[in-house]
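Enquirer: Mind looking over this structure? Questions follow.
The values are calculated or read from the model by the stated rules, or taken from the named source; none is laboratory data. Since this is a predicted model, take the numbers as computed values, not measurements. With ideal geometry, Cβ positions are generated from the backbone for all residues, glycine too; neighbour counts draw on all protein chains shown.
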Amino acid sequence: MPTNTSRTVRLLAALAVGAGAVAGCGSEKADGTGAEARPTESARLEARARQVADAWDGSEAAEQWHRGYYPMSEVVQLPENGLRNEADERAYETGNFELRADLSAAPPKDGQAKWETGGSLTMQIMEAQQAYKALDRDSSPGPRLTVTGAELGEMTLVTSRGPATVPAWLFTLDGYDTPLKRAAVTPSKLPEPPIKPARDIPTDVLAPLGGLVEVAADGRSVTVVATHGSCDEGPAVNALETDGSVVLSASVAGASDGDCASEMRGRTVTVKLDRPVGDRILLDASTGRPVPYGQWPRTYQSWS
C-alpha cells in the first residue's frame, strides 16, 4: 500500500510529524502494510492483538467504557473564524491568558452530556475558575489573550459514543465577537484495563501509539500517530477487527544498527477498516487500553 507523506515539522528536540496511509483489512484478521514487520514479528503482533480483544470484548471494562463520557476531540473550541493573528495564536498555544473578570459565581452543581444517538449522563460542573486555569497554563512575558467575562452554555464535541452536547464555559475574549468555549465537565474515570501492558515484547516490535487524531466521518478509517526512530523505514499499524473492538498494533520496520541520532518521531497513519468503527472500542495492543485522543507528543490530559 503506498504511503502519502505530508510536510514534516519538528517538535521540541527534533520531533517530527509526517503523514501516511495503511490498510487494515479483514474482519477478525490483523492486517496492515507500509513498513512491513518480519513474519515472526507479525505472528507475535497478531497473538497479542487477539489477547487484547479477548480480554476486552464483553468485559465489565467495556461496559463501563460504553456508559462513560470520553472526549475524542478538543474540549476547547476557538471563537468563530479562529484567532485573529499570530500573536493570539501563540498566546493560546502557550496557555498565556490574562483575567479581567470575576469568575467567583457558583455554577449549578450538575449538568448533562446528551448524545445525538440518545442517552445522557449527569456529571458535576466545574467552576469557571477551574476551567480558566486549564486554559491559563503559563505566566511568561509575551502575547496574552484577555478574558473579560464568562457564562455557562453548551458545546458539541466528538466522544467515544458519538457527538454529544455538554455544558461549557463560554469565555469572552477582548477583541472577539464570539466566545472561546471550554467543556465544563470532566471525562469519566478510565476503566481498569482487563489486560496488562505487553512488557515482554520489545518496543521496536510493538510500540505504544502516540494518540488518536480522528475517526473518519463514515467510520471506515481511523488516523493515529505511530512513533519511530531516525534509522528505520518508519512505522506500520495493523488492525484486528472484532464485533466489540478494533485493536491497533504499531511496529517499526527496518531498524538499522549503527550510529543514529537520539530522536523520536511521530507519523500520522490512516488505517482503513472493513466496516465502520461504530460503537466498537479502539484499543492499543501495546498498552491494552483505549487509544487516547491527542496531538502527539501530548495526549488528552484526562487520560491516565
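Enquirer: Among the residues of region 152-170, is any outside the structural domain of residue 84 (by TED's automatic domain parsing) and assigned to a strand (DSSP E or B)?
Expert: The first filter runs over region 152-170 and keeps only residues outside the structural domain of residue 84 (by TED's automatic domain parsing), leaving none.
No, every residue in region 152-170 fails to be outside the structural domain of residue 84 (by TED's automatic domain parsing) and assigned to a strand (DSSP E or B).
Enquirer: What number of residues in region 186-203 are surrounded by 15 or more Cβ atoms within 10 Å (Cβ to Cβ) and in contact with a helix residue (DSSP H, G or I) (Cβ under 7 Å, 6 or more places away or on another chain)?
Expert: 6
Enquirer: Hey, another quick one. Just to be sure before I move on: is residue 91 closer than 30 Å to residue 278 by Cα, assigned by TED's automatic domain parsing to the domain that holds residue 163 and either at pLDDT 95 or above or outside any helix (DSSP H, G or I) (or both) in the structure I sent? Spell out how you get there, then give the answer.
Expert: Details: closer than 30 Å to residue 278 by Cα: no; assigned by TED's automatic domain parsing to the domain that holds residue 163: yes; either at pLDDT 95 or above or outside any helix (DSSP H, G or I) (or both): yes.
Against the criterion (closer than 30 Å to residue 278 by Cα, assigned by TED's automatic domain parsing to the domain that holds residue 163 and either at pLDDT 95 or above or outside any helix (DSSP H, G or I) (or both)), residue 91 does not qualify.
Enquirer: Report the residue count in region 84-95 for those that are within 23 Å of the chain's Cα centre (by Cα) and either within 20 Å of residue 293 (Cβ to Cβ) or buried (at least 19 other Cβ atoms within 10 Å of the Cβ) (or both).
Expert: Here is the first cut: in region 84-95, the ones within 23 Å of the chain's Cα centre (by Cα) are 89-95.
Applying the additional criterion that residues be either within 20 Å of residue 293 (Cβ to Cβ) or buried (at least 19 other Cβ atoms within 10 Å of the Cβ) (or both) yields 91-93, 95.
Number satisfying all stated conditions: 4.
Enquirer: Something else about it: Quick one: which of 274, 257 is at pLDDT 70 or above, in a loop (DSSP other than H, G, I, E, B) and more than 20 Å from the chain's Cα centre (by Cα)? I'd like the intermediate steps shown before the answer.
Expert: Working: 257 fails: at pLDDT 70 or above.
Only one candidate passes the filter, namely 274.
Enquirer: Restricting attention to region 122-166, and to residues there that are farther than 23 Å from residue 188 by Cα and small (Gly, Ala, Ser), which single residue is surrounded by the fewest Cβ atoms within 10 Å (Cβ to Cβ)?
Expert: Top of the filtered list is 140.
Enquirer: So which of 80, 63, 98, 46 ends up being assigned by TED's automatic domain parsing to the domain that holds residue 247, touching a residue at least 12 places away in the same chain (Cβ under 8 Å) and not hydroxyl-bearing (Ser, Thr, Tyr)? Don't jump to the end; show me each part of the working.
Expert: Details: 80 fails: assigned by TED's automatic domain parsing to the domain that holds residue 247; 63 fails: touching a residue at least 12 places away in the same chain (Cβ under 8 Å); 98 fails: assigned by TED's automatic domain parsing to the domain that holds residue 247.
From the options 80, 63, 98, 46, the qualifying one is 46.
Enquirer: Still on this structure, I have one more. Looking at region 8-24, can you tell me whether even one residue there is under 26 Å from residue 158 (Cβ atoms) and either modelled with pLDDT of 95 or more or over 21 Å from the mean Cα position of the chain (by Cα) (or both)?
Expert: Going residue by residue through region 8-24, those that are under 26 Å from residue 158 (Cβ atoms) are 9, 11, 15, 17-24.
So of that shortlist, the ones also either modelled with pLDDT of 95 or more or over 21 Å from the mean Cα position of the chain (by Cα) (or both) come out as none.
Scanning region 8-24 turns up no residue that is under 26 Å from residue 158 (Cβ atoms) and either modelled with pLDDT of 95 or more or over 21 Å from the mean Cα position of the chain (by Cα) (or both).
Enquirer: Here's another thing I want to ask about it. For region 110-133, which residues satisfy the criterion of being in contact (Cβ under 8 Å) with a residue 60 or more places away in the chain and farther than 18 Å from residue 158 by Cβ?
Expert: Answer for region 110-133, where residues must be in contact (Cβ under 8 Å) with a residue 60 or more places away in the chain and farther than 18 Å from residue 158 by Cβ: 111, 124, 125, 126.
Enquirer: In the list 206, 170, which residue meets the criterion of being touching a Pro at 6+ places or on another chain (Cβ under 7 Å), crowded, with 16+ Cβ neighbours inside 10 Å and at pLDDT 90 or above? Give the derivation first.
Expert: On the way: 206 fails: touching a Pro at 6+ places or on another chain (Cβ under 7 Å).
Answer to the check: 170.
Enquirer: Applying the selection to region 141-151, what residues are in a strand (DSSP E or B) and touching a Phe, Trp or Tyr at 6+ places or on another chain (Cβ under 7 Å)?
Expert: Taking region 141-151 and keeping what is in a strand (DSSP E or B), we get 145-151.
145, 147, 150 - these are the residues of region 141-151 that are in a strand (DSSP E or B) and touching a Phe, Trp or Tyr at 6+ places or on another chain (Cβ under 7 Å).
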